[in-house]
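The values are calculated or read from the model by the stated rules, or taken from the named source; none is laboratory data. Only a predicted model underlies this, so the values are computations on that prediction, with no experimental measurement involved. Cβ sites come from the backbone with ideal geometry, for glycine too, and all protein chains shown count toward neighbours.
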Amino acid sequence: MSHSVRILPADRTIRVGGNESVLEAALREGFGFPYSCRNGSCGACFGELLEGTIAYPNGPPAVLGEADEAAKLAVFCQARPTSDLVVRAEEITQTRAQVVRTMPVRVERIDDLASDVKRLWLRLPPNERMQYLAGQYVDVVLRDGRRRSFSIASAPRSDSLLELHVRLSPGGRFTGYVFEALRARDLLRIEGPLGTFFLRDSPLPAILVAGGTGFAPLKAIVEEQMAQGGGRELHLFWGARSTGDLYLHELAESWCDAGVLRYTPVLSEPGADAWEGVTGWVHAAVLASYPQLAGYEVYMCGPPAMINAARRDFATAGLARERLHFDAFDYAEDNSGNR
């Protein structure tokens, strides 16, 4: 049985089939719904449920907290309508003209960035380009149809050659293959561009927050801003365990030295490192520098625990929900995210 879903403020009505989520139907019908992980772990597809009822076939997503339910928020990548709905959600118009395609790519080069991070350079087929926005991601499609998601770390102006950062996941089938067997000139299959994580057009200063390899999409965003001549006030916070995990630290420092942005690296477990910088959790370091966030936009990429803590604490500091943009991932073997 299908149901109608009226989406405000765009005042667009879509039909959702009996086995579809609200997000799946919206994307099928060409509505630019915000989304990221598509498995209920990040909350990027949050929207308000104004009228009607929904169900979560696999139970309420872990990202949906009591405060979210009290605010009548729904996780639309998992929500199935059980009646006609009226919802409120951001419309993403910038991705409307994009064509999501599956294509073969050849491994051009593999670089060691850290003991557990490799950089893949993937060359698209001749005369093919992927029209993406800095911050979006691609899925690597495995032979059995399963997928692994990776943010594109290169700016769109170099879209014939895509840069991905791959962290080794313990027991990870694909990441283990990358570290043990993948070689230059091997072929992979990717699908993209995907996601709605990108820098919005706004005069507000932007705070960029990375956790681990969440640095990848923010790198693309910064480099795209540089190519466009800059002008946006940016402050990058990069959270990692130790100095070795800041695998492109010198690159970020060069952006800071060139006046492109401010840069604050944050270590949670410096241990024996000779580290005199900021320590602790990266979102706490943001709040130490910006106790009032009402006049800012925040863009975050990292593990769900980091995103969820920041959502709660940044709201307390005055950050409006619509000014927090994020892309969450984790490293579980059967999860689609490994950004």
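Among the residues of segment 120-138, write down those that are assigned to a strand (DSSP E or B) and surrounded by fewer than 20 Cβ atoms within 10 Å (Cβ to Cβ).
If we filter segment 120-138 for residues that are assigned to a strand (DSSP E or B), which is where we start, we get 120-123, 137-138.
Within segment 120-138, Trp121, Arg123 meet the criteria.
Note on segment 188-224: residues that are buried (at least 20 other Cβ atoms within 10 Å of the Cβ) and over 24 Å from Glu128 (Cα atoms) amount to 13. Go through (1) part of a loop (DSSP other than H, G, I, E, B); (2) closer than 27 Å to Leu204 by Cα; (3) touching a helix residue (DSSP H, G or I) at 6+ places or on another chain (Cβ under 9 Å) one by one and return the number of the condition Gln292 breaks. (3) is the only condition that Gln292 fails. Within segment 86-98, one or more residues are free of Cβ contacts under 8 Å to residues at least 60 places away in the same chain and either assigned to a loop (DSSP other than H, G, I, E, B) or aliphatic (A, V, I, L, M) (or both).
Tell me yes or no: at least one residue of segment 178-186 is among the aliphatic types (A, V, I, L, M), in the same structural domain as Asp116 (by TED's automatic domain parsing) and loosely packed, with under 15 Cβ neighbours inside 10 Å. Yes, there is a match, as at least one residue in segment 178-186 is among the aliphatic types (A, V, I, L, M), in the same structural domain as Asp116 (by TED's automatic domain parsing) and loosely packed, with under 15 Cβ neighbours inside 10 Å. Could you list, in sequence order, the residues of segment 262-279 that are surrounded by 19 or more Cβ atoms within 10 Å (Cβ to Cβ) and polar (S, T, N, Q)? Thr264, the sole residue that qualifies.
Taking segment 238-261 as the range and being surrounded by 13 or more Cβ atoms within 10 Å (Cβ to Cβ), assigned to a loop (DSSP other than H, G, I, E, B) and out of contact with any Asp or Glu (no Cβ under 6 Å at 6 or more places or on another chain) as the test, the residues that pass are Leu246, Tyr247, Leu248, Val260, Leu261. Have a look at Ala67, Ala26 and point out the one that is surrounded by fewer than 16 Cβ atoms within 10 Å (Cβ to Cβ), touching a residue at least 40 places away in the same chain (Cβ under 8 Å) and part of a helix (DSSP H, G or I). Of the residues listed, the single one that is surrounded by fewer than 16 Cβ atoms within 10 Å (Cβ to Cβ), touching a residue at least 40 places away in the same chain (Cβ under 8 Å) and part of a helix (DSSP H, G or I) is Ala67. Inside segment 144-195, residues that are of a type outside the set (A, V, I, L, M, F, W, C) and assigned to a helix (DSSP H, G or I) make up a count of 8.
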